[in-house]
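Visitor: Let me give you the structure first, and then I'll get to my questions.
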Amino acid sequence: MSDAPRHSSDTRTGETIQLRGKTLLASGFHMPARGSVGELENALILVAEDGTIASVLRPQDPAYDAELKAARKAGRLATLPNGFYLLPGLVDLHVHAPQYPQLGQALDVPLEIWLHRYTFPLEARYADAAFAKRSYELLVRDLLANGTTTALYFATIHQDATRILVDTCLEQGQRALVGKVAMDNPGECPDYYRDVSADAAIDGTRVLIDYVRTHPSNAEGLVKPVVTPRFIPACSDAALEGLGALAAECGCHVQTHCSESDWEHSYVLQRHGMSDTESLDRFGLLGRRSVLAHAGFITEKDMEIIALKRSAVAHCPLSNAYFGGAVFPLKAALEKALNVGLGTDISGGPSASLFDAMRTAIMASRMLESGIEPDLPAHERSRRKGARIDFRDAFYLATTGGGISIDLPIGRFAPGCHFDAIAIDAKAEHGTIRLLDDLDRGEAILQKIVYTASKPNIAAVWVAGRQVSSSLTSTMGSE
Ligand code: GUN
Ligand code: FE
């Protein structure tokens, strides 16, 4: 590693470090499997020309010294300076892209009122392409700067605005899965913001799928289309059925909300006589590439269905605190081997940072374990022993767990995975991580990163080997 003295003020902005065809010498952490932290110490990560990881060499590997020498000689060695830690890029499994303008607002009412009072009127504004462009450019830039290298996006019902979101992700280099929202049920959706019919919802989805798949700038498949019934209440049965058939036909990802709140969960029980999970399954909407947001009220049977279909849950702990009315039994889901990742649920969750989602997931699990009613003695307060997760689980969910949930080779450093990564500057003056050289080692460093990192600590972000957000440059120059 470079042992030149450094501080954040050493870094200059403006240039970027591209890693395709290069070898990166770096230390850091990843979590290839739940439970055990993988520590990289002076690892060499060989990034292929297509942005995937060709190999990861550790100092004890026989090929290490030769590769270090060869990369240096060929001028293709990039070195992450001392004090920086490489982590996998973060995977946000649930973002409402059009809601970014109301982040940190409007969380004073229950979900069913919030949608009609604040959210549908805001989303309807995306009929205006100029408004969409301005809003989406800001969102994607901010999410990249927060370390989110992959996002699963709900857009709006609009064709043009949804295309703008796709274009923006491609222009800024974010890995993204984008869905045109389908919502055609006049009983639950306002006249001013609704697909005019089930056919319009289905055909509009098909047109967007074609747009993404044939996009001239998307040859590498950085952006993928998603079949996106908003949630059962917003959709007619005809739309749900058609979208299930379309997902099967196109082999697309699917995203929706599932058993999010008491109102929503009860609505589906009344309308379909079964849970959201059972109903979505009946419509063919549960498959290996389906992501169910929230799932706070799923039953044991629902969990079994989700596990059987190998679908995933996007756990959104921030938003659940406002709309959920209960804490998602995350540990139980993990122990049933469900695929789970984390979502910010912008703007139902008032933070665009997956670090906040990690921390809130830990905190929510601790409160689920301890119980919350101070009038009760401790032994009666706690009804879910062992419900807690720790920083390792939270980090796993935001990286590898997210990648598995959407069936993409991301979230860890292994041959064949995309090189999507962030560099944490643990010495950033305006950051919030404070490491003590003589105290903090190994996993303890990762723990401090998970609990205390903030945007100024995120010095560089790469997607598929391309640097897409940066304050780190010259100290990391190629040798
Ligand atoms: N259910 C239906 N639409 C939404 C939405 O926009 N946000 C959340 N959190 N839940 C929903
Ligand atoms: Fe949501």
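Visitor: Straight-line reach only, C-alpha to C-alpha below 17 angstrom: list the lysines that Lys455 could link to, leaving out same-chain residues fewer than 8 apart.
Guide: Lys427
Visitor: OK, next. Net charge near Ala337: determine it from the other residues with C-beta under 11 Å of the C-beta of Ala337, scoring Lys and Arg +1 and Asp and Glu -1.
Guide: Cβ neighbours under 11 Å give a net charge of +1.
Visitor: Sequence-distant or interchain residues sharing an amide H contact under 5 Å with Thr256, placed H: which?
Guide: Val291, Ala293
Visitor: Related question: Work out, step by step, the length gained on full extension between Arg384 and Asp203: first 0.36 nm times the residue separation, then minus their alpha carbon distance; give nm to one decimal.
Guide: 60.6 nm
Visitor: What is the set of long-range amide H partners of Leu40 at a cut-off below 5 Å, with H atoms built 1.01 Å from backbone N?
Guide: Residues meeting the criterion, in which the H sits 1.01 Å from N, are Gly28, Phe29, His30.
Visitor: Here is a follow-up. Placing unit charges on C-beta atoms (Lys and Arg positive, Asp and Glu negative, everything else neutral), compute the dipole magnitude of the chain about its Cα centre in debye, rounded to 20.
Guide: For the chain, the charge dipole is close to 940 debye.
Visitor: Name the lysines eligible as straight-distance cross-link partners of Lys69: C-alpha to C-alpha under 25 Å, and not fewer than 8 places from it in the same chain.
Guide: Straight-distance partners of Lys69: Lys22.
Visitor: Apply the a/c threshold of 1.5 to the C-alpha gyration tensor of region 287-327 and tell me whether it is rounded, prolate or oblate.
Guide: Since a/c reaches 1.5 but b/c is at least a/b, the shape of region 287-327 is classed as oblate.
Visitor: Moving on. Using the number of other C-beta atoms within 10 angstrom as an exposure proxy, rank Asp191, Asp50 with the fewest first.
Guide: Fewest-to-most ranking of Asp191, Asp50: Asp191, Asp50.
Visitor: Using Cα positions and a limit of under 26 Å, work out the lysines in reach of Lys336, with same-chain residues fewer than 8 apart set aside.
Guide: Partners within reach: Lys301, Lys309, Lys385.
Visitor: If you take every residue apart from Phe154 with its C-beta less than 12 Å away from the C-beta of Phe154, what net charge results, scoring Lys and Arg +1 and Asp and Glu -1?
Guide: Numbers: positive: Lys180, Arg230; negative: Asp92, Glu123, Asp345.
Value of the local net charge: -1.
Visitor: Find the cysteines in the chain that fail to meet the 4.7 Å Cβ criterion with every other cysteine, and list them.
Guide: Cysteines lacking a close Cβ partner in the chain: Cys169, Cys189, Cys235, Cys258, Cys316, Cys417.
Visitor: Among Asp167, Asp184, which comes first, then next, by fewest other beta-carbon atoms within 10 Å?
Guide: Values: Asp167 18, Asp184 26.
Lowest count first: Asp167, Asp184.
Visitor: Using each residue's phi in region 212-229, evaluate 6.51 cos²θ - 1.76 cosθ + 1.60 at θ = phi - 60° and report the 3J(HN,Hα) Karplus result to the nearest Hz, with x for Gly and Pro.
Guide: 5, 6, 10, 5, x, 8, 10, 4, 7, x, 4, 10, 10, x, 9, 6, 10, x
Visitor: Among Tyr153, Tyr211, Tyr126, rank each residue by its count of other Cβ atoms within 10 Å, from fewest to most, as a rough exposure measure.
Guide: In order of increasing Cβ crowding within 10 Å: Tyr211, Tyr126, Tyr153.
Visitor: For region 286-299, just list the computed ³J(HN,Hα) in residue order, Karplus coefficients 6.51, -1.76 and 1.60, θ = phi - 60°, integers in Hz, with x standing in for Gly and Pro.
Guide: With coefficients 6.51, -1.76 and 1.60, one gets 10, x, 4, 10, 9, 10, 9, 7, 6, 6, x, 10, 5, 8 Hz.
Only the coordinates and a few stated rules stand behind these numbers; no lab work does. These numbers come from a predicted model, not from an experiment. Cβ sites come from the backbone with ideal geometry, for glycine too, and all protein chains shown count toward neighbours.
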